[in-house]
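The values are calculated or read from the model by the stated rules, or taken from the named source; none is laboratory data. Given the structure is predicted, the values throughout are model-derived calculations rather than measurements. Every residue, glycine as well, gets a Cβ built from its backbone with ideal geometry; the counts of neighbours run over all protein chains shown. The protein model used for the area step is the full one, side chains on, heavy atoms only, and it has no ligands, DNA or RNA in it. Shrake-Rupley method; radii C 1.70, N 1.55, O 1.52, S 1.80 Å.
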Amino acid sequence: MTSLCPIAKLTNHIFSDRENGVIQKVSDSSYHMEVYDTIREASGDWCRVVPQGDPYWKADFLQSMEIKPPGDFQFRYIVFYHEKEPVGVAYAQITKFSAWQSIRGDIQAGGSK
């Protein structure tokens, strides 16, 4: 089984918006998102939105993770748009997950923690 960060499962035109600590769905056809396989594909709009002082969101860092990922990770980059302007970003770390192997490993180790 491959798991994907839930943010990538959002459909076009539906976004979450925090108001007073409550997440609300906003349905508006002026919003959409694009999912990219590489940071190079997303980098133009990505760099316009990411926090400038945080090195972990920079395209160079993310590209180095693509080149030499930890384990068997794959990445997807999501850019959110209002009309045609990028307004937000997210990225998903995708890896294989086996519930059976996780449970079996726990049982062999003597139970749960």
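For this structure, a couple of remarks:
- Annotation: of all residues in region 83-100 being part of a strand (DSSP E or B) and polar (S, T, N, Q), the one that is nearest to the chain's Cα centre (by Cα) is 93.
- Residue selected from region 83-93 under the condition surrounded by fewer than 16 Cβ atoms within 10 Å (Cβ to Cβ) and of a type outside the set (D, E, K, R), by the criterion farthest from residue 31 (Cα to Cα): 93
- Subset of region 31-46 (residues that are among the polar types (S, T, N, Q) and either modelled with pLDDT of 95 or more or surrounded by fewer than 17 Cβ atoms within 10 Å (Cβ to Cβ) (or both)): 38
- Test: residue in region 47-57 that is outside any helix (DSSP H, G or I), surrounded by 14 or more Cβ atoms within 10 Å (Cβ to Cβ) and aliphatic (A, V, I, L, M): yes
- Every residue from region 73-82 that is within 17 Å of the chain's Cα centre (by Cα) and open to solvent by less than 80 Å² (accessible area, probe 1.4 Å): 73, 75, 76, 77, 78, 79, 80, 81
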